[in-house]
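Beneath this line is the structure, given in structure tokens, with notes to follow.
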Amino acid sequence: MTSIRRVAVLGAGTMGSRIAAHLANAGIPSLLLDIVKPGASNRNAAANAGLDAALKGRPAAFFRNEDARLITTGNFDDDLPKIRDCNWIIEAVTEDLSIKRALYSRALEHRSRGAIVSTNTSGIPLRQVAEGYPAEFQQHFLGTHFFNPPRYLHLAEIIPGPDTSPEVLQYISTFCDIHLGKGVVPCKDTPNFIGNRIGSFWGANVPRLTVEMDLTFEEVDLLTGPLIGAPKSATYRLQDIVGLDVWLHVMNALPGALPNDPFRERFKLQPFQHKMVELGLLGDKTGKGAYQRVGKEREIQALDWKTFEYATAAKPRFASLESVRKIEPLEERLKALVALDDKAGTFLWNLIGDQVLYAAWMVPEISDRIVEIDRAMRWGYAMSLGPFEMWDALGFTQTAKRLEADGKQLPENVQRMLSSGADSFYRFATERVHPRREYFDLNNTRYEELEPRPGVTILADVKRAHGTIKTNPGASLIDLGDGVLCCEFHGKMNTIGEDNIQMLHAGLRELENNFDAMVIGNQSENFSVGANLMLVLMAAQEGEWDELNLAIHKFQQLNMALKYSPKPVVAAPFGMSLGGGCEIPMQCARIQASAELYMGLVEVGVGLIPAGGGCKELLIRHRDYTKVFEQVGYAKVSTSAAEARHMRYLRDGDGISMNADRLIADAKTLALSIVPSYSPGAPRTDITVSGEAGYSVMRIGLYVAAEGRYISKHDGVVGEKLAHILSGGRLSGTPQVSEQYLLDLEREAFLSLCGYPETQQRMQHMLKTGKPLRN
């Protein structure tokens, strides 16, 4: 099948423009078309407005706004013939069957034979969209349902039409996986497919329970957010983001489309939601919804759903949660939450109990396997656990019996599962040499092997199968096979401390004796948020300067050992890779980064400067001290791996994985590819610094910023320390210095700043609030 070179996106609304943006993120040119607006002087006004909204939108649709150059706008009347040059056509117009079919009839006149056509519909059956069109078209027609925003939500549902070719399905699935970074879930052509069918049930159930249990929006969002493994947007904040009018459209359409759904009466808006629609309280698009921001300080106010008046959003308290919310892991916390004998526990039991029960009733109607339902909810709604994984966390048998005790009817498939003696939906089988994961097939009442995903390495599965070479509370060494070692961080937020440093040194010894290459990576929420700030603060407050000096020196020498390792080391950063979590990857032979990478040297935010070689590395890469001074001095963080490359955190030869699930495997492949030609080099002694002249330039910049009140007095102190390092200690002329010389300057500046009360105040404030202090 011909590789996809150019894509046509028909429809430049929120969804279409964001799909085009994500195609641009992947380096794929697209043609973005929409209607000709009546009376508009620019016939491409609708498409241009969509592109402009994508450029200005938050969260950002593009990795870098410069990528918008890959999108060409146009209109259906003048530019539809141009789709003949596109080998994938994505339709993303309004959810109206007559509008879609009218557009398809026109597009068929210009589509090239063999071009793939997909619809992003979430509610219209594909058989109705494709009915009556030529056989060759139907063989190349399918559903590709991206979740909004497509850059951030991992899920892409792939739905076959009545006669879609299996080769087309496989090709698009693979393309979405590798090139667009999607978690692909095959779906049946049923109403709302998988993600929105299960998600809509949750979204209808929460408002019902809100009313029945007389809870506030703030209370519900506390209970349905990170506490249970859901995103911070929880329920009503998410409703504001999506738009209550959109939600109304979904709820109005579902009951009629689900005549045999045993829970069909649940799919409806509550009276308070209808009233909100009448009042125009639709969410972010109208500036008011469940919440609003007011005044210069952008105070958050919450709506009282009984009086429809706003008041300052409260910080809800449930006494029972004070101890339970700290329980880790999530599975144990969920079990404790639904056992609470109070309002919070009752709400969560009813919500989660109904959800897992509904998911079971939907097998095999929407999916033959529980696997796809769990993946759809994790990937499309950013849930930590899918419904069957939640059921396992609560205990399969106990939960089934509690549901029955509540008078809930278990579907026949679950009753058969109970009778079979099975006690979980997933299990790890150990009867073979290599343990494997199995899922319970609800249709055939037996366990089946969960097939591995090619190109995806799960570190937990590798450890389960082969154990660890060495481990401590902060990190482990794992054999990835094929001569590649992995050092995995697994401490809280993967902060860097003595455990990590010891394990990396142990990894370098293992690498030298037993392996060909090493990968530094993990599969936590973030790669690393940097040094353990609490330990730094405690050492500073206790005046333990020798110990702190030694700790910094150890970290610096570790990074130098990584940089000049006799065998290649590849880092695999993703998510937040900050401070020391930025310095470690920078000094590895290569980086294989996740496309979603928030990388930067942020130490100035707590009154410090990078001391693990970050300043040194940026000086070498930028060869322009003013750029380094600005980048470090303003604690600039990349908003993507593409931007990290522009900021020189990534170099030529470093790779980017669009699909984060593939990151470890991609890093292993990159490591092996450089083994044959790898040469470690030697520490440099020829780094040109700007000397006293450069220091004076930076000092003037600090003075101007202070006079303009852009920086505080202590910001100026930190800035002078940074300028001292970047100028090479204010040497005369433009001398050349060694890497170790710059490391010594970094360490000296870091230690001196730790002694300032203002820096200690900043560290305390960051640890307490998670936000920087301007003092």
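The values are calculated or read from the model by the stated rules, or taken from the named source; none is laboratory data. None of these values were measured; they are calculated from a predicted model. FYI the Cβ positions are ideal-geometry reconstructions off the backbone, even for glycines, and counts take in every protein chain you see. Surface areas here come from the heavy atoms of the whole protein model, side chains and all, with no ligands, DNA or RNA. Shrake-Rupley method; radii C 1.70, N 1.55, O 1.52, S 1.80 Å.
With contacts taken as Cα pairs under 8 Å at a separation of at least 6 residues, the chain carries a relative contact order of 8 percent. Just check the range 142-218 against the gyration tensor rule for me: Cα atoms, a ≥ b ≥ c as the square roots of the eigenvalues, rounded for a/c under 1.5, and otherwise prolate or oblate depending on whether a/b exceeds b/c. In terms of gyration-tensor shape, oblate. For the pair M493 and R509 in one chain, pulling the backbone fully straight at 0.36 nm per residue adds 3.2 nm over the alpha carbon distance.
Sites listed here are chymotrypsin sites (Phe, Trp or Tyr not before Pro) in the range 160-221 whose DSSP assignment is loop and whose Cβ has at most 11 other Cβ atoms within 10 Å, and the list is empty.
Taking Cα atoms, how many degrees apart are the long axis of helix 498-514 and the longest axis of the chain, rounded to 10 and kept between 0 and 90? Rounded to the nearest ten degrees, it is 90.
Taking the Cα centre of the chain as reference, the dipole from Cβ charges on Lys and Arg (+1) and Asp and Glu (-1) amounts to some 1160 debye. Helix 166-178: angle to the longest alpha-carbon principal axis of the chain, degrees 0 to 90, nearest 10? Here the helix axis deviates by roughly 30 degrees.
Look at the alpha carbon pairs under 8 Å that are at least 6 residues apart: their mean separation over the length of the range 112-216 gives a relative contact order of 25 percent. Normalising the Debye intensity of the range 237-293 to I(0), with uniform scatterers on Cα atoms only, and taking log10 at q = 0.21 Å⁻¹ returns -0.74. Reducing the range 289-363 and the range 618-658 to their Cα centroids gives an inter-centroid distance of 40 Å. Here's how it looks for G183: its modeled amide H is under 5 Å from those of L155, A156, which are all 5 or more places away or on a different chain. Take every DSSP beta bridge whose two residues both sit in the chain; close to 45 percent of them are antiparallel. In the chain, the portion of solvent-accessible area held by carbon and sulfur atoms comes to 52 percent [1.4 Å probe, whole percent, DNA, RNA and ligands not counted].
Report D for the chain in µm² per second (integer): Stokes-Einstein, Kirkwood Rh on Cα pairs, 25 °C, 0.890 mPa s. Please report the intermediate quantities before stating the final value.
Working: Rh = 28.7 Å.
The estimated diffusion coefficient comes to 86 µm²/s.
Starting from the Cα of K408, move 7 Å in the Cα-to-Cβ direction to define the label point; list residues of the range 353-371 whose amide nitrogen is under 12 Å from there. Only 353-361 fall inside the zone, counting backbone N under 12 Å. Distance between the C-alpha centres of the range 435-468 and the range 20-96: 41 Å, rounded to the whole angstrom.
Residue ranking by accessible heavy-atom surface, 1.4 Å probe, largest first, among S3, S173 comes out as S3, S173.
At the residue level, E365 shows approximately 80 square angstrom of accessible surface with a 1.4 angstrom probe and all protein chains present.
Given K326/K771; K56/K182; K37/K182; K335/K492; K721/K768, which pairs have Cα atoms separated by over 29 Å?
Values: K326/K771 21 Å; K56/K182 24 Å; K37/K182 33 Å; K335/K492 22 Å; K721/K768 26 Å.
Table pairs above 29 Å Cα-Cα are K37/K182.
Using 0.36 nm per residue, how much length does the chain from A319 to S419 gain when fully extended, once their Cα-Cα distance is taken away?
Taking A319 through S419 to full extension adds about 32.1 nm, to one decimal.
Computed extension length for K296-R684: 134.6 nm, one decimal, from 0.36 nm per residue of separation with the Cα-Cα distance subtracted.
So what's the gap between the Cα centers of the range 508-531 and the range 544-576, to the nearest angstrom? Value for the Cα centre distance between the two parts: 11 Å.
Between D652 and E630, the FRET efficiency from the beta-carbon distance, with R0 = 30 Å, is close to 0.85.
For the range 411-495, dividing the convex hull volume of the Cα atoms by the residue count gives 153 Å³ per residue. For the chain, the per residue solvent-accessible surface stands at 42 Å², with DNA, RNA and ligands left out and a 1.4 Å probe.
For the range 150-193, the share of alpha carbon pairs falling in successive 5 Å distance bins from zero is 5, 23, 29, 22, 16, 4, 0 percent. For the range 225-301, applying the loop criterion from DSSP together with a ceiling of 13 other beta carbons within 10 Å to the trypsin sites (Lys or Arg not before Pro) yields K232, K296, R298. Of the GluC sites (Glu not before Pro) in the range 84-129, the ones in a loop by DSSP (not H, G, I, E or B) with at most 14 other beta carbons within 10 Å are E109.
Normalised by the number of residues in the range 1-131, the average gap of Cα pairs under 8 Å and 6 or more apart makes the relative contact order 28 percent. Residues whose amide H comes within less than 5 Å of that of I520, counting only those at least five positions distant or on another chain, are C487, V570, A571, A572 (H built at 1.01 Å from N in the peptide plane). Annotation: peptides 416-428, 752-764, ranked by per-residue average of other Cβ atoms within 10 Å with the highest first, follow the order 752-764, 416-428.
Using a/c under 1.5 as the rounded threshold, could you call the range 490-644 rounded, prolate or oblate? The axes a ≥ b ≥ c are square roots of the C-alpha gyration tensor eigenvalues, and prolate needs a/b larger than b/c, oblate otherwise. Don't jump to the answer; show the numbers that get you there.
Details: a/c = 1.42, a/b = 1.07, b/c = 1.33.
Verdict is rounded for the range 490-644.
Across q = 0.12, 0.13, 0.18, 0.23 Å⁻¹, the range 653-775 modelled as identical point scatterers on its alpha-carbon atoms has Debye log10 I(q)/I(0) values of -0.74, -0.82, -0.96, -1.17, in the order of the q list. Each helix, a run of at least 4 DSSP H residues, gives -39500 (n - 2.57); summed and divided by the residues of the chain, these come to -13500 deg cm²/dmol at 222 nm.
Starting from the Cα gyration tensor of the range 373-418, take the square roots of the eigenvalues, sort them a ≥ b ≥ c, and report rounded, prolate or oblate (rounded when a/c is under 1.5, otherwise prolate if a/b is larger than b/c, else oblate). Can you show the working numbers first?
Numbers: a/c = 2.46, a/b = 2.06, b/c = 1.19.
In terms of gyration-tensor shape, prolate.
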